[in-house]
Amino acid sequence: MRIVLLGPPGAGKGTQAKILADRLQVPHISTGDLLRENVKNNTDLGKEARDYMERGLLVPDELVAKMLTKRFAQSDTKNGFILDGYPRNLNQAETLDTILQEKNMAIDFVVYLDTAEDIIIQRLSGRLVCSVCAANYHIKNMPPKVKGVCDNCHGPLSQRTDDREETVRKRLQIYKKEVSSLIDYYERQHRLRRIDGGQEADIVLNKIIGFAKMLNDSLKV
Ligand code: AP5
């Protein structure tokens, strides 16, 4: 299965992608996580990306495309992937098609997690992320078993620097500017599947699995 998750910041892309990747036994590829890893390790890419990310802006397309091409060159993507955070604009959608075509691959479907703004703000203001394994939590909706500690790896949990309210508003503004062209692009290809991202995480997950099973009814999930 090759699935793309689209949606505004806080729609639950990362939350769903991690569970789906585990259930389908394919890698979760998050451009946000890959960029944050580069920033943390102070790589050349990380040094270039940091400022854009802290201001809530998109990192330039060519930098992200290079990073993604490198990731797709790894053998674990052969049997599928869950892609989260890419594409963010039409140029990236076309780049993704080119990267995949060169590998004789194509996306199976694109999930659009349509989510209202008040829900987004509530989720992002309470989000906690593990600084070791990048697992996601929420102070109220999905709290860790022990306060401030990751359930999976016991790493420390903290708030993302781009989850400050003014940065969230900037991220949302950019998202709104770009999303309709992406929706049109995938609708024309008959690949878009809409889900209300404001529902409980289990409901959203079951709907995505339902779409996957429609394409492949022998799927073991
Ligand atoms: P990125 O990390 O991709 O951020 P984003 O797209 O803004 O999305 P988020 O990670 O904020 O939200 P999410 O939808 O994954 O929600 P989550 O599951 O965490 O990108 C960060 C930055 O990197 C960008 O701003 C940009 O600078 C750069 N970048 C990345 N990709 C790029 C690209 N392609 N091109 C250029 N630049 C790029 O959930 C949020 C919270 O809600 C969590 O606390 C979670 O526990 C909770 N939650 C989730 N689902 C539910 C639910 N159903 N019910 C209740 N709570 C829920």
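Numbers at a glance
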| read-out | value |
| --- | --- |
| Within region 98-177, strands (runs of 3 or more DSSP E) holding 3 or more residues that are near the ligand (Cβ under 9 Å from one of its atoms) and under 24 Å from L205 (Cα atoms) | 127-130, 136-138 |
| Hey, E187 touching a residue at least 40 places away in the same chain (Cβ under 8 Å), farther than 14 Å from T15 by Cβ and outside any strand (DSSP E or B) or not | no |
| Among the candidates K207, K140, residue that is surrounded by fewer than 13 Cβ atoms within 10 Å (Cβ to Cβ), in contact (Cβ under 8 Å) with a residue 12 or more places away in the chain and closer than 21 Å to P8 by Cβ | K140 |
| Selection within region 95-116 - open to solvent by 50 Å² or more (accessible area, probe 1.4 Å), over 30 Å from N152 (Cβ atoms) and either in contact (Cβ under 8 Å) with a residue 24 or more places away in the chain or touching a strand residue (DSSP E or B) at 6+ places or on another chain (Cβ under 8 Å) (or both) | K103 |
| Failed item in (1) of a type outside the set (S, T, Y); (2) surrounded by fewer than 15 Cβ atoms within 10 Å (Cβ to Cβ); (3) out of contact with any Ser or Thr (no Cβ under 7 Å at 6 or more places or on another chain), with R88 passing the rest | (2) |
| Unmet requirement for T77, which otherwise passes all of (1) of a type in the set (V, I, T); (2) surrounded by fewer than 19 Cβ atoms within 10 Å (Cβ to Cβ); (3) within 11 Å of the ligand (Cβ to nearest atom) | (3) |
| Test: residue in region 23-36 that is closer than 21 Å to R160 by Cα, in a loop (DSSP other than H, G, I, E, B) and near the ligand (Cβ under 8 Å from one of its atoms) | no |
| Search result, residues across region 46-62 that are open to solvent by 10 Å² or more (accessible area, probe 1.4 Å), more than 8 Å from the ligand (Cβ to nearest atom) and of a type outside the set (D, E, K, R) | none |
| Scope region 194-221; condition of a type outside the set (G, A, S), within 16 Å of the ligand (Cβ to nearest atom) and either over 28 Å from L124 (Cα atoms) or not in a helix (DSSP H, G or I) (or both); matching residues | R194, I195, D196, Q199, E200 |
| Residues satisfying the stated conditions in region 175-196, i.e. of a type in the set (F, W, Y) and either surrounded by fewer than 14 Cβ atoms within 10 Å (Cβ to Cβ) or over 25 Å from D118 (Cβ atoms) (or both) | Y185, Y186 |
| Criterion (over 27 Å from K40 (Cβ atoms) and β-branched (V, I, T)) met by exactly one of I174, I139, I121, I195 | I195 |
| Hits in region 143-160 (condition: without any contact (Cβ under 8 Å) to a residue 12 or more places away in the chain and either β-branched (V, I, T) or closer than 19 Å to P9 by Cβ (or both)) | V146, V149 |
| Selection status of C133, within 17 Å of the chain's Cα centre (by Cα) and surrounded by fewer than 16 Cβ atoms within 10 Å (Cβ to Cβ) | yes |
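The values are calculated or read from the model by the stated rules, or taken from the named source; none is laboratory data. No experiment lies behind these values; they were computed from the predicted model shown. Glycine gets a Cβ as well: all are built from the backbone with ideal geometry, and neighbour counts include every protein chain shown. SASA here: full protein model, heavy atoms, side chains in, ligands and nucleic acids out. Shrake-Rupley method; radii C 1.70, N 1.55, O 1.52, S 1.80 Å.
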